[in-house]
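The values are calculated or read from the model by the stated rules, or taken from the named source; none is laboratory data. From a predicted model like this one, the values you see are computed outputs, not experimental measurements. Using ideal geometry, Cβ is built from the backbone for each residue, glycine included, and neighbour counts are taken over all protein chains shown.
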Amino acid sequence: MTLVQHVLHKYPAVGRDNLIPILQEIQTAEGYLSKKSILEVGRYLDIPASKIFGVATFYNQFRFEPFGVNHVQVCRGTACHVLGSSTVLQELEKHLKVKAGQTTRDGQFSIEVVACIGACGLAPVICVNGEFHAKVTAQSIKEIVDQYKNRGE
Amino acid sequence: MDFTININNKSLVASRGETILEVMNRNGIRVPTLCHIKNALPTGACRMCVVEDNKTGKLITSCSFPAEPGMSILTHSPRVVESRKTIIELLLSNHPDDCLYCVRNKNCELQDLSEELHVTERRIRGVKNRANLDLSSASIVRDPEKCILCGRCVYVCEEVMGVACIDFINRGNKSIIGTAFHQGLNTSSCINCGQCVMVCPTGALTEKNHFAQIQEALNNPTKRVVVQYAPSITVSMAEELGIEPGIDINGILNAALRKVGFDHIFDSSFSADLTIMEESAELIHRIQNGGVLPMITSCCPGWVKYAEEFAPEFLPNLSSCKSPQQMMGAIIKSHFATQENLKPEEIFSVSIMPCTAKKFEAQREEMTREGISDVDAVLTTRELTKFLKLFGVDMFNIKPELVDSPLGFRSTAGKLFGASGGVMEAAIRTAYHSITGKEMVEFQVPAIRGFEGRKEIKININGLELGVAVVNGMANAKVLLDEIREGKNDVQFIEIMACPGGCIGGGGQHIGTSDEQLKARMNALYRIDETERIKVSHKNPEIVELYQDFLGKPLGHKSHELLHTHYHEREVVK
Ligand code: SF4
Ligand code: SF4
Ligand code: SF4
Ligand code: FES
Ligand code: FES
């Protein structure tokens, strides 16, 4: 049984009621919602793929690409926002040439936007593969991620 | 239960369950709407239809609010008008403002509303919508930048066509109408019916245009450019020309097409007759030889694609006959080519169709022989009007002319193809004759005429009882197919047309066609059937001649090579 089938069998077939919990479980298990799993959910619940995609893109929590080797979480909580996290995010997106929610072509980096990660004193904060980086600036962000690039190789 | 409500200080009768909008419309009060669709559950999304509740001072959406006893409503108070105007200004604030280059210029609800609400300056400036043009489909072009998110296309695609290949994607100011995974429409389950185009208020949904190819061919001295037009075209152009609906402009159309420079004019109603010869023979063959039943018509490319995607188990039930467009195309590039001493590639074959799906059909692999398409370009009814303008044809000062012959004469049975039930009626007439050797006493079969989404009757031919069903609107077909899946077995022959009402309501027709206009088109076809003499395909002298000179007999060797095909299951995102 595939992971997706495993999740699906916990829920009754056909109907929209359990769509969100199912998508959440699949995302937790696989890290993202693949095209394949969305189609499989659609067949199981008898919901067109466009509808599921519509629902899933409505919520920020779902991503449609697997994480990169290095996963960068950018805090967009209030404290970080006040201290310039939006510029940090912009710079990061420019530098990696992908948007939040996406993964670079080479699979090295993915960006995720998260709510307050409880380190407001260090704002703006980013977290790469679980490691925190404090007081990030539009300049330092590039150096930080580049370190990981070299480390991965 | 009736009661009165007060609208603009006039007392009006309303009944329970009616919306305020319905009461207003019944009484000649017009309030603009955008997201509202007749007979659909209101979403209240656009707020264009707001009116003022005089008692509470609140603005309420008239399309979704039920009329209540004692209500007092103002439809055009300053607040209401200002609020509507703001909505339009907001919609315009991120709109591309491409009107001069837009197919829907002068036929756009957004333009109309901004005129109606007297928007004369740009008060709100927003960031323009940015989204990719989707040119992937052979039939439909999607330009999400022009979309105002009214949601009508989503409704029609899901509820009327049962396809649901597009939906609202993302949220808030990032919302767009799109396909699953943002893929091109060509990889989705879209059946190319064009019904979404018919309801789109703006130029966000249009058809794939073939003008350039046709113009090039017309200017190429080495090409013989021929044209055919579908049965419904001559009775559905009136609205495009602004004349009384239901007028048959047959002769004028012939003359106009000659003025444009087409070398030869064919009538697809002739090949509809040909389809009937083949299809009725196939039906009888299936019945007599234990073939797969029910047999289902296959002249609607919207339905064919639907079957390939959603009902592949019914593909053996599909008649192997090509559609009239494709039969005509095949005959043109074979028999006609030989007669005229031309190679197939020297002919450029255009068809005028009420249908966007025909554009897809024309480029299907099954419809080419040795790499040459039987039909090279397709114009919709809407496009035809523009095309004629491009060539300066004045439709009002032109004398009717006859279609070219041979391969142009039609029976009225072929003409009936334009309306739901028409293929069935034509097939019954010829099948009856093949089985009994006699003509029917009464040709008309009223029970399968009209706009009903599903019509079913039993026909008795010499003791052979035939259950026939006619459905239009893909969603209605879905219900019938489900019943058959569950064991329904009292039908042997089914006609399926994807579009509501059949091709007179096709996705390539005049935008903004009303129910009355549709009815007028249908009646025009019935009138032709009543007044003309040759009412059966097998009596069409040019059909008889074609079989004598070229095809031999229905289902014969030549027919199989040119007029029949098979379809296969199709993998799409669905
Ligand atoms: S053409 Fe028909 S099937 Fe395709 S998106 Fe439009 S309504 Fe849906
Ligand atoms: S594409 Fe057209 S019909 Fe569909 S939501 Fe946009 S404006 Fe409305
Ligand atoms: S019903 Fe007619 S107009 Fe509509 S998709 Fe089918 S062939 Fe085209
Ligand atoms: S807001 Fe960023 S860590 Fe709290
Ligand atoms: S038409 Fe009433 S809310 Fe859109």
* Qualifying residues in the stretch B:282-336 (those that are in contact with a helix residue (DSSP H, G or I) (Cβ under 9 Å, 6 or more places away or on another chain) and among the basic types (K, R)) - the one farthest from B:C193 (Cα to Cα) -> B:K333
* Limited to the stretch B:384-409, what total is found for residues that are touching a residue at least 12 places away in the same chain (Cβ under 8 Å) and either within 16 Å of ligand 1 (Cβ to nearest atom) or at positive phi (or both)? -> 1
* Which one of these does B:L293 not meet: (1) surrounded by fewer than 21 Cβ atoms within 10 Å (Cβ to Cβ); (2) outside any loop (DSSP other than H, G, I, E, B)? -> (2)
* Asked: In the stretch B:197-214, is there at least one residue being under 18 Å from the mean Cα position of the chain (by Cα), within 13 Å of another protein chain (Cβ to nearest Cβ) and under 30 Å from B:N39 (Cβ atoms)?
  -> no
* Asked: Any residue at all in the stretch B:78-95 that is closer than 16 Å to B:C196 by Cβ, out of contact with any Ser or Thr (no Cβ under 8 Å at 6 or more places or on another chain) and away from ligand 2 (no atom under 16 Å from the Cβ)?
  -> no
* Check whether at least one residue in the stretch B:148-162 is within 15 Å of ligand 2 (Cβ to nearest atom), away from every other protein chain (no Cβ under 14 Å), buried (at least 18 other Cβ atoms within 10 Å of the Cβ) and farther than 25 Å from B:K358 by Cβ, and report yes or no. => yes
* Only one of these conditions is not met by B:K455: (1) surrounded by fewer than 18 Cβ atoms within 10 Å (Cβ to Cβ); (2) part of a strand (DSSP E or B); (3) among the charged types (D, E, K, R). Which number is it? -> (1)
* Matching entry among B:S320, B:S298 (being modelled with pLDDT of 95 or more and surrounded by fewer than 20 Cβ atoms within 10 Å (Cβ to Cβ)) -> B:S320
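Conditions tested, residue by residue: (1) more than 10 Å from ligand 1 (Cβ to nearest atom); (2) among the basic types (K, R).
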| site | (1), (2) |
| --- | --- |
| B:I166 | no, no |
| B:R171 | yes, yes |
| B:I176 | yes, no |
| B:A180 | yes, no |
| B:Q183 | yes, no |
| B:T187 | yes, no |
| B:I191 | no, no |
* Could you say whether any residue in the stretch B:90-100 is within 16 Å of ligand 5 (Cβ to nearest atom), over 22 Å from B:I511 (Cβ atoms) and either of a type outside the set (V, I, T) or touching a strand residue (DSSP E or B) at 6+ places or on another chain (Cβ under 6 Å) (or both)? -> yes
* For the stretch B:462-507, which residues satisfy the criterion of being within 16 Å of ligand 1 (Cβ to nearest atom) and either within 14 Å of chain A (Cβ to nearest Cβ) or of a type in the set (K, R) (or both)? -> B:M474, B:A475, B:K478
* **Residue in the stretch A:79-92 that is within 14 Å of chain B (Cβ to nearest Cβ) and more than 16 Å from ligand 2 (Cβ to nearest atom) present** => no
* Structure fact -> Counting only helices (runs of 4 or more DSSP H) entirely within the stretch A:16-72, those with at least 3 residues that are within 14 Å of chain B (Cβ to nearest Cβ) and touching a residue at least 40 places away in the same chain (Cβ under 8 Å) are none
* To do: Identify, from the list B:T56, B:T43, B:T61, the residue that is closer than 13 Å to B:M24 by Cα and either outside the structural domain of B:V156 (by TED's automatic domain parsing) or free of Cβ contacts under 8 Å to residues at least 24 places away in the same chain (or both).
  => B:T61
* Asked: Taking only pairs six or more apart or across chains, which ones have beta-carbon atoms under 7 Å, a first residue in the stretch B:202-215 that is basic (K, R), and a second residue that is at pLDDT 95 or above?
  -> B:K208/B:S137; B:K208/B:A138; B:K208/B:S139; B:K208/B:I140; B:K208/B:V141; B:K208/B:K359
